[in-house]
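Below: the structure, in structure tokens.
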Amino acid sequence: MTGSNETSVCAESRAVFTDLLTNALTQQDRQRVLLHVKNCPACASALLAQQHSHTSNVVASTPKDTGWLIKLAWVLIIGAGLVIGGFLLWDLGIALWFDRSQPMWLRAALGIFYAGFALLFLAILRERLTARKTDKFRKVKQ
Ligand SMILES: [Zn+2]
């Protein structure tokens, strides 16, 4: 096989890689391209690279469409959960706190628990805000 002949077959095969990946080729063309790729390591790695970017394009395009909906759902769930959970815990906490018959260690543990809960909430809030900044930065970069 001469160099120039190989190059033209390679170029021809690589030109239809996209069609190959989207199953737009005829059975005959498909077999011809696959046969060449099997015998040509350069085209095989080129096909793999394109297959990878094709796959990640498909994967990346999916969350873009429904991403905001999922985010909104999480905000609603977490928001409502915090309100309900916070109210129940607060109600229980107040009852225990003012119940003088409860031991001191239980009331101290309750205070620590609320402090930890508040810290966790702040940490999540901070993380969310940082993630939002990163998202914006990524959009600008693209
Ligand atoms: Zn080739």
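Quick rundown of the values:
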item	result
Selection count where residues are within 13 Å of the ligand (Cβ to nearest atom) and loosely packed, with under 11 Cβ neighbours inside 10 Å, scope the range 16-38	1
Cross-chain or 6+ apart pairs with Cβ under 7 Å, the range 94-110 first and among the basic types (Lys, Arg), then surrounded by 11 or more Cβ atoms within 10 Å (Cβ to Cβ)	107/96; 107/97
Test result for residue 86, part of a helix (DSSP H, G or I), at negative phi, modelled with pLDDT of 80 or more and surrounded by 12 or more Cβ atoms within 10 Å (Cβ to Cβ)	yes
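Listed here are the residues, each with its yes/no results for (1) more than 16 Å from the ligand (Cβ to nearest atom); (2) more than 30 Å from residue 120 (Cα to Cα); (3) among the aromatic types (Phe, Trp, Tyr); (4) at pLDDT 90 or above.
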| residue | (1), (2), (3), (4) |
| --- | --- |
| 58 | yes, yes, no, no |
| 62 | yes, yes, no, no |
| 71 | yes, no, no, no |
| 90 | yes, no, yes, no |
| 108 | yes, no, no, no |
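The values are calculated or read from the model by the stated rules, or taken from the named source; none is laboratory data. Bear in mind that the values here come from a model prediction, so they are computed numbers and not experimental data. Cβ sites come from the backbone with ideal geometry, for glycine too, and all protein chains shown count toward neighbours.
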